[in-house]
Amino acid sequence: MDKQLLDQARQECAYGQKRGLHFIVASVVIWALVAIVHLTHLPIETKNLITFCCTCPLMPLAWMFSKWLGITFSDKDNPLSSLGIVLSVAQIPYLLIVMWAFAAVPDKMVMTLAMVFGAHLLPFGWLYKSRIYYIMSCVVPIMALLVGLYCSPFVLAVVMVVTEVVFTLLLLTENRNLKSTN
């Protein structure tokens, strides 16, 4: 694939999928669920186990939001469309680090999860030609580290909700300039 065709495929992917806005909106819901879990008086191990469960509805939520927002969930005609799924699935091995934190430092598991989440945004900056993804891929892990070291998992989850809402608003702004190449 030559550079011009590659850039066109990236542009169409960004345009059709609105730069993954449906996944970011779904992550607002996920982090809100995590915040609710960590507001309870359950033992930290139980909270962390439920936190893992809270991440499970990400794909169904993203699909639902894609329908609600009129976003193409998957474009079979664009070879880069499936790359977004591959980039997301590539994060799974890093969840082993989160599982380690679950056992070794339970109070820091949510921090570790937030850092992995933020770091996985980096390649989407390239895929969607998005400055916002590049910025958030640096801001989220650093912010998660700082907040997670000094605050409770509940506070971090609330900060993540706010961060994801800001991310959503920034993507909406960035998406205003998107144009189809067709």
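Observations on the structure shown:
- Any hit, region 78-86, residues being more than 21 Å from residue 136 (Cβ to Cβ), crowded, with 16+ Cβ neighbours inside 10 Å and of a type outside the set (Ser, Thr, Tyr): yes
- Pick from region 127-148, criterion part of a helix (DSSP H, G or I) and touching a residue at least 40 places away in the same chain (Cβ under 8 Å), ranking: farthest from residue 98 (Cα to Cα): 131
- Residue within region 35-46 that is surrounded by fewer than 17 Cβ atoms within 10 Å (Cβ to Cβ) and under 20 Å from the mean Cα position of the chain (by Cα) present: yes
- Pair list, Cβ < 8 Å and 6+ apart or interchain, from region 155-175 residues that are without any contact (Cβ under 8 Å) to a residue 12 or more places away in the chain to residues that are among the polar types (S, T, N, Q) and buried (at least 20 other Cβ atoms within 10 Å of the Cβ): none
- Count of residues meeting criterion [part of a helix (DSSP H, G or I) and either under 19 Å from residue 63 (Cα atoms) or under 12 Å from the mean Cα position of the chain (by Cα) (or both)] in region 79-124: 19
- Residue count, region 61-102 (criterion: within 18 Å of residue 29 (Cα to Cα), in contact with a Lys or Arg (Cβ under 9 Å, 6 or more places away or on another chain) and polar (S, T, N, Q)): 1
- Some residue of region 157-175 being within 21 Å of residue 47 (Cα to Cα), at pLDDT 95 or above and surrounded by fewer than 16 Cβ atoms within 10 Å (Cβ to Cβ): yes
The values are calculated or read from the model by the stated rules, or taken from the named source; none is laboratory data. All of these numbers come straight from a predicted model, not from anything done at the bench. As a convention, Cβ positions derive from the backbone with ideal geometry for all residues, glycine included, and neighbour counts pool all protein chains shown.
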